[in-house]
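Only one structure is covered here, and it is reproduced in the block below.
The values are calculated or read from the model by the stated rules, or taken from the named source; none is laboratory data. Remember, it's a predicted structure, so these values are computed and weren't measured experimentally. Quick reminder, even Gly has a Cβ in these numbers, built from the backbone with ideal geometry, and neighbours come from all protein chains shown. SASA here: full protein model, heavy atoms, side chains in, ligands and nucleic acids out. Shrake-Rupley method; radii C 1.70, N 1.55, O 1.52, S 1.80 Å.
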Amino acid sequence: EMIGFFREIDPSYTVQSMQPEEGFTPRFQSLRNKKFRIDEFLFDLSLKQLKSILDSSKTDGSKAAGGYTYSGLDVLNVMVLKSLGECELCQWCCKINRYQEQGKCLLGVKAFTSKPFIHIAEEMPINPGVVINFGGCALRCRYCVEHQNWDVKNISPACPKGLWEEIADLLNLDIPVNSLEFTNPTESLAGLVGILTEAPSTFKLPVILNCHLFGSRFSYEMGNWITDVWLPDLRYGNDRCAKALSGADNYMRHARDALEAMLENGAQVIVRILVLPGHVDCCHQPAIKMLSAYRE
């Protein structure tokens, strides 16, 4: 609805957009196209066995008798669902059974999402994007603009089929959408993969994961299978401010580990630096210095 407002101010206003190259295929669709022939039900396998399957380059697209054929996305979906039995998706590493209780994120098994909307003010390579916000969070940032979504009682459980219908409606508008962005996906990774399993085979836009850099290496390793662009928020330049404003322990170490994990699979990484008033010397400048080490 802001586009009309901007055009009233400046009739020449247009939404800037860089469309994916012709023939682009999202990573999750490529993973979905990989087929594995396995002699057991996926839920009977351990996380280690499931990871071994995903890491294997040996696939089988045949229809020979015996065994079961699963897509790579099926394998990933079962992995993240099984991981909730001893959850370590964020750096609190609660190790609780989220099928029975909630962790610090206040989430159990279900994922909760806001209504999809089109964001027209993202960074150029991902602008504009259809954005879906997940509820629940491992952090408690005192300045959070989505704080009402910490308690998932305020939003609805994710309905994958319904979300894709809403996404389709948005894509039919006269706006050059070029990405699908999920914000705060770390703690809701199982729900995110579940949503992607219901995606139409014709969906060909990049998937963006906008995260808080307080996730576990496991969450990034799993996310690397499905994300085309990581969009992390680097919030601080020291642990003291992170603890005071977000309640996070050892934030800088975890942020560095997260960036290293994101860079392992060749996806684009666009880092946003949170500019806090009065935190130039303690946070903003150290954050820029930290990121300079990753410049090519």
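For the range 144-172, how many residues are among the β-branched types (Val, Ile, Thr), within 23 Å of Glu101 (Cβ to Cβ) and either open to solvent by 40 Å² or more (accessible area, probe 1.4 Å) or within 15 Å of the chain's Cα centre (by Cα) (or both)? Show your work before the answer.
Initial filter on the range 144-172 (among the β-branched types (Val, Ile, Thr)): 145, 152, 155, 167.
Still in the running and within 23 Å of Glu101 (Cβ to Cβ): 152, 155.
Subsequent filtering for residues that are either open to solvent by 40 Å² or more (accessible area, probe 1.4 Å) or within 15 Å of the chain's Cα centre (by Cα) (or both) retains none.
Of the residues in that region, 0 qualify.
Looking at the structure I just gave you, is Leu163 part of a helix (DSSP H, G or I), within 18 Å of Val15 (Cβ to Cβ) and modelled with pLDDT of 95 or more?
Numbers: part of a helix (DSSP H, G or I): yes; within 18 Å of Val15 (Cβ to Cβ): no; modelled with pLDDT of 95 or more: yes.
Taking the combined requirement at face value, the residue does not satisfy it.
So Val78 ticks every box in (1) open to solvent by less than 60 Å² (accessible area, probe 1.4 Å); (2) without any contact (Cβ under 8 Å) to a residue 24 or more places away in the chain but one. Which box is left unticked?
(2)
Output the qualifying pairs, or none if there are none: Cβ atoms under 7 angstrom, residues six or more apart or on different chains, first residue in the range 42-56 and open to solvent by less than 80 Å² (accessible area, probe 1.4 Å), second residue in a helix (DSSP H, G or I) and hydroxyl-bearing (Ser, Thr, Tyr).
Pairs that qualify, where the first residue is open to solvent by less than 80 Å² (accessible area, probe 1.4 Å) and the partner is in a helix (DSSP H, G or I) and hydroxyl-bearing (Ser, Thr, Tyr), are Leu47/Ser83.
Going by what's in this entry, would Gln49 be described as among the polar types (S, T, N, Q), more than 20 Å from the chain's Cα centre (by Cα) and outside any helix (DSSP H, G or I)? Working first, answer last.
Numbers: among the polar types (S, T, N, Q): yes; more than 20 Å from the chain's Cα centre (by Cα): yes; outside any helix (DSSP H, G or I): no.
No: the conditions fail for Gln49.
Of the residues that make up the range 23-39, is at least one loosely packed, with under 12 Cβ neighbours inside 10 Å, in a helix (DSSP H, G or I) and acidic (Asp, Glu)?
Filtering the range 23-39 for residues loosely packed, with under 12 Cβ neighbours inside 10 Å gives 23, 39.
Narrowing the set further to residues that are in a helix (DSSP H, G or I) leaves none.
No; the residues of the range 23-39 include none that is loosely packed, with under 12 Cβ neighbours inside 10 Å, in a helix (DSSP H, G or I) and acidic (Asp, Glu).
Within the range 1-12, count every residue that is in a loop (DSSP other than H, G, I, E, B) and modelled with pLDDT of 95 or more. Spell out how you get there, then give the answer.
Taking the range 1-12 as the starting set, the residues that turn out to be in a loop (DSSP other than H, G, I, E, B) are 1, 10-12.
From the residues that got through so far, the ones that are modelled with pLDDT of 95 or more too are 10-12.
Qualifying residue count for the region: 3.
Could you identify the single residue in Arg217, Arg240, Arg256, Arg235 that is basic (Lys, Arg) and open to solvent by less than 60 Å² (accessible area, probe 1.4 Å)?
Numbers: Arg217 fails: open to solvent by less than 60 Å² (accessible area, probe 1.4 Å); Arg240 fails: open to solvent by less than 60 Å² (accessible area, probe 1.4 Å); Arg256 fails: open to solvent by less than 60 Å² (accessible area, probe 1.4 Å).
Every option except Arg235 fails the conditions.
Give the residue that is nearest to Asn178 (Cα to Cα), with candidates limited to residues of the range 107-143 that are surrounded by fewer than 16 Cβ atoms within 10 Å (Cβ to Cβ) and either more than 18 Å from the chain's Cα centre (by Cα) or of a type in the set (Ser, Thr, Tyr) (or both).
Met124
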